[in-house]
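First comes the structure, then the notes that go with it.
The values are calculated or read from the model by the stated rules, or taken from the named source; none is laboratory data. Because the structure is predicted, anything quoted here is derived from the model rather than measured. Here the Cβ positions follow ideal geometry from the backbone for every residue, glycine too, while neighbour counts run over all protein chains shown. Accessible surface areas use protein heavy atoms only, side chains included; no ligands, DNA or RNA. Shrake-Rupley method; radii C 1.70, N 1.55, O 1.52, S 1.80 Å.
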Amino acid sequence: MDKSKRPFIKSKRSFRRRLPPIQPGDRIDYRNMSLISRFISEQGKILSRRVNRLTLKQQRLITIAIKQARILSLLPFLNNEKQFERTESTTRTYSFRTKNK
């Protein structure tokens with residue numbers, strides 16, 4: 001019954017630390033389009049903080065900068081280019097039911 005006690009050995013997994021998306025010298029500003037465009041999806045939506053890997057303060061500043069750029073028409077509110085490219089197979093046909101009384 002006497003088992004040899006092994007000390008808990010932590011497995012050493014090598015992981016590469018990701019670089020922060022915003023460097024300390026970067027200015028979060030509505031004019032900095034190269035920085036702002038990294039935090040917008042293809043549809044033109046603001047990506048979440050978890051996806052961006054930003055701090056809360058950085059995410060707030062990015063959101064304000066994106067909204068200012070949209071108001072000044074530096075960025076589109078929506079990017080709907082792919083939405084209107086419909087073919088005949090994607091159009092829907094609706095059938096209406098009539099009530100029998």
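Quick look at the numbers
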read-out: Subset tally (residues that are in a helix (DSSP H, G or I) and of a type outside the set (D, E, K, R)) for region 11-51; value: 7
read-out: Neighbours by Cβ (under 7 Å, 6+ apart or cross-chain): first from region 64-75, on the phi < 0 side of the Ramachandran plot and among the polar types (S, T, N, Q); second at pLDDT below 95 and not in a helix (DSSP H, G or I); value: 68/30
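Per-residue answers, yes or no, for (1) open to solvent by less than 30 Å² (accessible area, probe 1.4 Å); (2) out of contact with any Lys or Arg (no Cβ under 9 Å at 6 or more places or on another chain); (3) hydrophobic (A, V, I, L, M, F, W, C):
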{"position": "19", "(1), (2), (3)": "no, yes, yes"}
{"position": "33", "(1), (2), (3)": "no, yes, yes"}
{"position": "44", "(1), (2), (3)": "yes, no, no"}
{"position": "51", "(1), (2), (3)": "no, yes, yes"}
{"position": "57", "(1), (2), (3)": "no, yes, no"}
{"position": "64", "(1), (2), (3)": "no, yes, yes"}
{"position": "69", "(1), (2), (3)": "yes, no, yes"}
{"position": "73", "(1), (2), (3)": "no, yes, no"}
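Per-residue answers, yes or no, for (1) more than 19 Å from the chain's Cα centre (by Cα); (2) at pLDDT below 80; (3) in a loop (DSSP other than H, G, I, E, B):
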position: 64; (1), (2), (3): no, no, no
position: 79; (1), (2), (3): no, no, yes
position: 88; (1), (2), (3): yes, yes, yes
position: 93; (1), (2), (3): yes, yes, yes
